[in-house]
Amino acid sequence: MRIDVLTLFPEMFASPLGHGIIRRAQEQGLVEIVLTNIRDFAIGEYRKVDDKPYGGGPGMVMMPGPVFDCFEHVQSLCPQPGRVILLTPQGAPFKQAKATELSAQDRLILIAGRYEGFDERIRIGLGAEQISIGDYVLNGGELAAMVVIDAVVRLLPGALGDEDSAKDDSFSNGLLEYPHYTRPETYRGMKVPDILLSGDHGKIAQWRRDQSLERTRQHRPDLLDDRASLR
Ligand code: 6GU
């Protein structure tokens, strides 16, 4: 997979992409991540990338020119069309199902916005889909792009060692994960549940299913409604 990121702050990505699973996936050649600075495509003495909104109002809007020129440059580097995604709080909520869908693509082009938002012609002209990572406002799409990259790359075949398979992850079955324990058996007076020490794999599996369901009921009842509506 190739992932291009168009951003005004490529430096923000260095550390998150340079560690752990994502770093290893790049070293193994499972994913190539290419950062391109939108400001390199701005013109004039001040390399302006934003301007005041038509119709008035607060804040600044990302101008179409630098984003289109940056996009066309990135397309010329690699002609494969790929999925074009704008990171914006106006987008569709990012869910595990979307991560799975994106992990099957050969190419993603992520565009991170700053300021109040993108000139609408960017979304229209680039045929981009819009993704949001949750119901809160970030100062820009960069952290959201990193979240999408992280969630997608770990799903690429070979990215996880088989010791940390993605199959049991929270959300992969629509439920939250069951509780985990490791050594020591007792820590500051808190004991590992007996069932996990019993060696009875049938009972352990049943306990984990019950715990998953109970946690989901407590913290995310909406997920149970989602599952019910799928049936
Ligand atoms: Cl994708 N961008 C910004 N700026 N804020 C967000 C977001 C994205 N998703 C949630 N909040």
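Results, tabulated for the structure shown:
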quantity	calculated
Residue check for residue 145: closer than 30 Å to residue 114 by Cα and in contact (Cβ under 8 Å) with a residue 60 or more places away in the chain	yes
Odd one out for residue 45, checked against (1) more than 9 Å from the ligand (Cβ to nearest atom); (2) part of a helix (DSSP H, G or I); (3) out of contact with any Pro (no Cβ under 7 Å at 6 or more places or on another chain)	(2)
Qualifying position, being surrounded by 14 or more Cβ atoms within 10 Å (Cβ to Cβ), free of Cβ contacts under 8 Å to residues at least 12 places away in the same chain and either out of contact with any helix residue (DSSP H, G or I) (no Cβ under 7 Å at 6 or more places or on another chain) or farther than 27 Å from residue 151 by Cβ (or both), among 26, 96	26
Odd one out for residue 134, checked against (1) away from the ligand (no atom under 12 Å from the Cβ); (2) more than 19 Å from residue 2 (Cα to Cα)	(1)
Tally, over the range 196-231, of residues that are under 19 Å from residue 172 (Cβ atoms) and small (Gly, Ala, Ser)	4
The listed residue being within 16 Å of the ligand (Cβ to nearest atom) and touching a strand residue (DSSP E or B) at 6+ places or on another chain (Cβ under 6 Å), out of 84, 34	84
Single residue of the range 1-23 satisfying the filter (free of Cβ contacts under 8 Å to residues at least 12 places away in the same chain and not in a loop (DSSP other than H, G, I, E, B)) that is nearest to residue 122 (Cα to Cα)	11
Residue pairs meeting the criteria (Cβ under 6 Å; at least 6 apart or on separate chains; first in contact (Cβ under 8 Å) with a residue 24 or more places away in the chain, in the range 49-69; second small (Gly, Ala, Ser) and in a loop (DSSP other than H, G, I, E, B))	49/42; 62/113; 66/42
Residue pairs meeting the criteria (Cβ under 6 Å; at least 6 apart or on separate chains; first farther than 19 Å from residue 151 by Cα and β-branched (Val, Ile, Thr), in the range 120-136; second within 16 Å of the ligand (Cβ to nearest atom) and modelled with pLDDT of 95 or more)	122/67
Residue within the range 52-71 that is basic (Lys, Arg), in contact with a strand residue (DSSP E or B) (Cβ under 6 Å, 6 or more places away or on another chain) and at pLDDT 95 or above present	no
Given (1) more than 18 Å from residue 74 (Cα to Cα); (2) buried (at least 20 other Cβ atoms within 10 Å of the Cβ); (3) within 14 Å of the chain's Cα centre (by Cα); (4) within 12 Å of the ligand (Cβ to nearest atom), number of the condition residue 118 does not satisfy	(3)
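The values are calculated or read from the model by the stated rules, or taken from the named source; none is laboratory data. Since the model is a prediction, treat every value here as computed from it, not as a measurement. In this analysis, Cβ positions are derived from the backbone assuming ideal geometry, glycine residues included, and neighbour counts consider all displayed protein chains.
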